[in-house]
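Chemist: Below you'll find the structure I mean.
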Amino acid sequence: MAENVSEPFGPKEVPKRVCIIGAGANGLATLKILTETEQVQSGQWTLVAFEERNRVGGVWYRPSHHHASHFSHL
């Protein structure tokens, strides 16, 4: 009787990397939605987020020391 083999013979497929640029509201929402997909759950995709700042939050994250910005007139 043949054994139940979970992986096919031959080289294993390398997961695709999906990159999200920005960890503001849209980037975080995209990560949340993609995390729930079959591709991510099964390991076919890996998610990577890139953020310019050292914290997530986009325009809602304001460092404690405010720098002059294009929002200063608001």
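Nothing in this text is a laboratory measurement; each read-out follows from the coordinates by a stated rule. Predicted model, so just to flag it, every value in this text is computed and none were measured.
Chemist: Can you give me the long-range amide H partners of Val18? Hydrogens built in the peptide plane at 1.01 Å from N, cutoff under 5 Å, separation of 5 or more residues or another chain.
Modeler: Residues meeting the criterion, in which the H sits 1.01 Å from N, are Thr46, Leu47, Val48.
Chemist: Given the Cα-Cα distance of Leu34 and Arg53 and 0.36 nm per residue of separation, how much length would full extension add, in nm? All intermediate terms of the calculation are to be shown ahead of the outcome.
Modeler: Working: separation 19, 0.36 × 19 = 6.84 nm, distance 2.22 nm.
Full-extension gain reported as 4.6 nm.
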